Amino acid sequence: MNQLRGLFMKDWTIIKGYVLLALLLDIIIPVGSATLFQAEFYEGLLVFSGTVMALHTLVPIVLLSILFTKEMDRPDIFFHSSASIHKINASKLLTVLFATAISLIWISALTFITLLFAPDLAETKNLLPTGTMFAAGILFFSIQITFIYYFYLTIFYTMKSKIGGFSYIVTFGLFMFSLEMWDRFKTTELYATVTNFWIIPIKESDLLTNVSRGLMGAFETPGRLPIGEFLISSLLLVFLYFLSSYLFEKKVRA
């Protein structure tokens with residue numbers, strides 16, 4: 001545990017400056033955009049804040065790239081670390097997700113506090129459940145994206161020592177090919193059978209309907225919670241993580 005805590009503090013020291021920059025942009029972008037564009041200020045603030053919140057799905061990717069770039073700049077330390085690959089991964093994944101959560105909470109709180117001064121306060125209160133679950137959906141989706149990105153990051157570093165700069169092209173090509181194959185697989189009866197075995201309909205109250213709409217970043221159809229799809233996606237992400245860890249340990253750190 002002490003070793004993991006030390007790794008976490010090291011990674012946090014590397015990215016804390018970028019996190020402070022993100023917190024600053026969380027204020028400047030929504031407020032500045034709502035002020036500059038010819039629209040009602042509070043409506044514009046809500047739109048641009050939602051856009052910035054959605055962009056948080058990319059924050060873990062950026063931070064993870066920064067962390068691994070810094071590590072690769074000092075291979076004499078990184079490759080000969082006594083920490084296991086799982087501790088190294090846990091530190092980096094927890095660091096970037098923790099930073100993303102901080103930024104999401106920050107912009108959500110600032111948006112809600114600003115909207116308290118809006119003329120129609122009742123409408124703002126109605127937005128609170130949806131906004132909260134929208135932020136939770138963004139964080140959930142960012143976790144998925146982070147694990148997938150780590151897999152392709154491992155593929156990239158595995159090939160970089162062999163083909164150099166061409167690894168960027170090959171990795172991107174593999175990513176696009178995988179997206180195409182996944183889209184085709186999602187249209188098959190097998191995928192429908194596997195993912196539709198446990199669906200919870202949401203019809204009981206307006207609050208639950210708002211919550212469902214707020215989770216649109218994680219689930220495609222509001223009014224239903226596809227638990228089976230969630231479980232299958234989680235198992236796939238776990239598989240990608242262990243495959244990535246094995247490749248990184250055997251091919252990159254070897």
**Complete:** Output ordering of 149-157, 12-20, 184-192, 64-72 (per-residue mean of other Cβ within 10 Å, highest first) is 149-157, 64-72, 12-20, 184-192
**Request:** Pop a pseudo-label 7 angstrom from the Cα along the beta-carbon direction at both I66 and L243 and give the gap in nm to one decimal.
**Result:** 3.0
**Complete:** Binned at 5 Å from zero, the C-alpha pair distances of segment 13-53 give percents of 6, 25, 26, 17, 11, 8, 4, 2, 0
**Message:** Expected output is a single nm value to one decimal: the length gained when fully extending between F41 and L58, i.e. 0.36 nm times separation in residues minus the C-alpha distance. What is it?
**Reply:** 3.5 nm
**Message:** Please compare each pair in K10/K250; K16/K87; K70/K186 to a cut-off of 27 Å on the Cα-Cα distance and tell me which ones are over it.
**Reply:** K70/K186
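Determine, from the Cβ-Cβ distance of F230 and I113 and an R0 of 45 Å, the FRET efficiency 1/(1 + (r/R0)^6), rounded to the nearest 0.05.
Between F230 and I113 the formula returns 0.90.
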**Complete:** Listed with the fewest Cβ neighbours within 10 Å leading, V31, V47 appear as V47, V31
**Fill in**
Share (percent) of C-alpha pair distances in segment 134-186 greater than 16 Å works out to 53
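Every read-out reported here was derived from the displayed coordinates using simple, explicitly stated rules and does not represent laboratory data. Only a predicted model underlies this, so the values are computations on that prediction, with no experimental measurement involved. Neighbour counts run over all protein chains shown; Cβ positions are idealised from the backbone, glycine included.
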